[in-house]
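No lab work stands behind these numbers, since they all come straight from the coordinates. It should be emphasised that the depicted structure is a prediction, and the values quoted were computed from it without experimental measurement. Here the Cβ positions follow ideal geometry from the backbone for every residue, glycine too, while neighbour counts run over all protein chains shown.
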Amino acid sequence: MADFPTRARVVIIGGGVVGCSALYHLAKKGWADCVLLEKNELTAGSTWHAAGNVPTFSTSWSIMNMQRYSTELYARLGAEVDYPMNYHQTGSIRLAHSAERMQEFARAAAMGRYQGMDIKILTPAEVKEIYPFIETHDLAGALFDPHDGDIDPAQVTQALAKGARDMGQRILRFCPATGVTQTAEGWMVHTDKGDIACDYVVNAAGYYAQRVGEWFKPYGGRTVPMMVMSHQYLLTKEIPEIEAWSQKTGRKLPLLRDVDVSYYLRQEKHGYNLGPYEPNCRAHWATPDDPMPDDFSFQLWSDDLDRIEDIVTDAMARVPLMATSGVSRVINGPIPYAPDGLPLLGPMPGVRQAFEACVFTFGIAQGGGAGKVLAEWIIDGQTEWDMWSCDPRRFTDYTDPDYCVQKGMETYGHEYAMHFPHHEWPAGRDRKLSPVHAVVKANGGVMGAYNGWERANWFAKPGDDTSEEATQTWGRAGPWQVRIRAECEAVRDHCGVLDLPGFSRFRLSGVGTAEALRGLIAGGLPKVGRMNLVYIADRRGRLLTEMSCLRLDADEFILITAAAAQWHDGDILRAAMPADVRVEDLTRTRDTLIVTGPKARQVLTPLTDGDLSLGWLTHQAATVAGRPAHLVRVSFAGELGWEIHALNADMPDIYAAILAGGATPFGMYALNSLRMEKGYRAWKGDLSTDYSLLEAGLERFVKLDKPQDFPGKAALQAEAQRGVAKRFVTLIVDAAEADAPYMSCLYKDGDIVGETTSGGWGYRVGASIALGMVRRDHAQPGTELEVEIYGQMYRAVVQPDQPLWDPKNERLRA
Ligand SMILES: NCCCC(=O)O
């Protein structure tokens, strides 16, 4: 090939909407010497047969940001790149059949308002006014998203490609990538037409992402956690009434989603496009007798209407006009699913200079925003919005193909389901078990999955309702409530024990470790024998992670971090440490118990040879129940307490002895309540890259005057000079039956002035607590705000800057 590019800054593998959007956005940010490789024609994978809906609605703040951005981009893109396309912002109506669904809508509408969108709640009568063909007698109401609509998937992809090409980017169609080789500088991407040397490579291969991902395994990569579903939508013949309505109004009908029945219904020309997400769904290419073909470009499966018959019948009852027309075409095509239904967008776990932008199930709606996010990741190393919900590192070593198929099918069949705070999805469970799992279960543990690890959320007593049905509420009341209260009271008055498998832990050792850490963390290191919290920021001073740092020796440390952060934090540590520093991931080999409460010393004294008089934030090697362990004098529950870290094989004896010593087992729900009463932040709720370390109120962990430079130092120094825009606060809320969930809006005199980052009931203080970020001018203690909880306003008062429980920390230092 005469002008084959042998060098590029970035090579993107895959020419769907996401790959083209990434190419476009890289050029927009000034990197116009990149190449996109597509093995067939652009859009040949899933993009060409996508339904083309473009919602903004999401109950996730980051997904809503990404989808909102897509609608804004698509509205201006045609003119910007001179490629007119069919984009209809018709608005959409999302129907509710229950009060709980209306509560979900109210929460999303508030988030939408915070993002500047006029999302509205409708009564059934209002639905009928704007959608005359619908039956509304059994509806609770609806949500109206004015920016929703549909776009031609091929046109938007070609428009992004044109825009990218016009800025200098290269797109090589019918040029499949055949492999990659890591080089000292970056990568060599191989094709049959030649090799391309590049700094960065992006896997944007849609449903082929797992195959492309295999090429990265020799360089530290893993099997891409995904599977492929068959998604059908059917197109009806033309319906005269729709044509007449469109001619009369000059508009298309708003897109309908009957989310409780599980389908979307959209005007397509003068007929309908009906897309069900059926519970009895079908995975493809998931078993040896159904292998993924090497090429499925522009292909579909034959239709299977039996699977969606019930939903079609329901839709015809909802919009009887549908029944007046026959089916003209069925589209049954492959759609990739990650286990949680969200895309993989961000750094490729374990592999330097490689990214993923793949496994999009809503690629058209998210593609615009995804390109922006990916360009930021690659060029800036950080993103405008915290994107943890899409970060490929959220899935770690437990996502084997069987897990991915189970979860993918569960997610597809519940595409529009509500995600209640006390509900745990049942598929793909028991992937990683604590060494005391059987005992925890035998004691009534009602389990939840944390990075694949099973932990007790609460402990049920015989007769308690532990069914999935009982969890279908946004409220705090449920069979768990009385048990959580008792667990918190046991921790307050006596001693509790929580088994915490999967705490991510890394040992760092070797000459220069301490100095390397000083150049990474914002604060100081503990002395040998002591521990403290350390924080790592990005260049903007925004919060990447928090770790407990135990110093074992001058140059030997254990860093302990959230279960979910294992691969995220592992990547940060490995990237930052020089070659002489050894970074070992010990997560799998050890288990942790939290033993805490005023009688914790009494429980432990007969069991250990450790020195229990050592003070707060100390640690020591000791035996417990005759087994080697490490005792750390700390408690996330905010009482006198120790963490006991031990090898898996030793933990059953230790746990048994502590239970026999009178400790009450408690679960994650109680821990969450206890930590909020102390104002202890949780990772990726209260602690996210949406906030700087200073906004998060972590000044005491930041040493701006230390000699070492560290990521974010200059930005934090500048922020300290000018003052923070927002401030972390604790609020007491006059809540009713539900506490404030993540991203509830905080108002002052009708204006949104902040948001909650977590909320729950404090059983020791007897109040509903919210932690949040508030505009600096409204963050003074005593300020009265309002918080919107599922559509209702409640008084929320900013509390003094000290813990609600044990403000002087006397109990935990006892
Ligand atoms: N392509 C799937 C769109 C689903 C939805 O609009 O809700």
Part-to-part distance (alpha-carbon centres) for segment 269-297 and segment 401-438, which is given in Å: 21
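Going by the alpha-carbon gyration tensor, a ≥ b ≥ c the square roots of its eigenvalues, is segment 725-808 rounded (a/c under 1.5) or, if a/c is not under 1.5, prolate (a/b greater than b/c) versus oblate?
Working: a/c = 1.80, a/b = 1.10, b/c = 1.63.
Oblate, because a/c is 1.5 or more while a/b does not exceed b/c.
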For the chain, give me the percentage of DSSP beta bridges that are antiparallel, rounded to the nearest 5 percent. 85
In whole Hz, what ³J(HN,Hα) sequence does segment 51-62 give by Karplus (6.51, -1.76, 1.60; θ = phi - 60°), x for Gly and Pro? 5, x, 6, 10, x, 9, 4, 6, 8, 9, 4, 6
According to a simple spin-label model (label point 7 Å from Cα along Cα-to-Cβ), what is the distance in nm between N809 and H423? 4.0
Mean-position separation - Cα centroids, segment 704-740 and segment 173-209, in angstrom: 41
Using the structure shown, list the pairs from K217/K372; K441/K461; K703/K726 with a Cα-Cα distance above 22 Å, or answer none. K217/K372
Give me a comma-separated list of calculated 3J(HN,Hα) values for segment 511-526, in order, Karplus coefficients 6.51, -1.76, 1.60 applied at θ = phi - 60°, integers in Hz, x for any Gly or Pro. 4, x, 4, 4, 5, 5, 5, 4, x, 10, 8, 7, x, x, 9, x
Using the Cα centre of segment 725-808 as the reference point, and only Cβ charges (+1 on K/R, -1 on D/E), how large is the resulting charge dipole? Debye, rounded to the nearest 20. 340
Nearest-0.05 FRET efficiency for I752 and V327 at R0 = 56 Å, using Cβ-Cβ distance, is 0.75
Which value, in debye to the nearest 20, gives the size of the charge dipole of the chain about its Cα centre, when Lys and Arg are +1 and Asp and Glu are -1 at the Cβ? 1980
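Pairs of Cα atoms under 8 Å, at least six residues apart: use those to get the relative contact order of the chain, whole percent. Walk me through the intermediate numbers first.
Numbers: 1930 pairs, mean separation 91.3, N = 814.
Relative contact order for the chain comes out at 11 percent.
Shape call for segment 351-399 from the C-alpha gyration tensor, a ≥ b ≥ c root eigenvalues: rounded (a/c under 1.5), prolate (a/b greater than b/c) or oblate?
Details: a/c = 1.73, a/b = 1.11, b/c = 1.56.
Verdict is oblate for segment 351-399.
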Compute the relative contact order of segment 459-564 as a whole-number percentage, counting only Cα pairs closer than 8 Å that sit 6 or more residues apart in sequence. 23
Applied in sequence order to segment 696-710, the curve 6.51 cos²θ - 1.76 cosθ + 1.60 (Karplus, θ = phi - 60°) yields integer Hz couplings, x standing for Gly and Pro, of 6, x, 10, 3, 5, 9, 10, 10, 6, 9, 6, x, 6, 7, 8
Sequence-separation-based contact order of segment 725-808, relative, with Cα cut under 8 Å and 6+ spacing, percent: 36
Test of understanding: express the Cα radius of gyration of the chain as a ratio to 2.2 N^0.38 Å, with N the residue count. 0.97
Hey, for a label at K269 modelled as a point 7 Å past Cα toward Cβ, could you say which residues of segment 84-108 have their backbone N under 18 Å away? 86-88
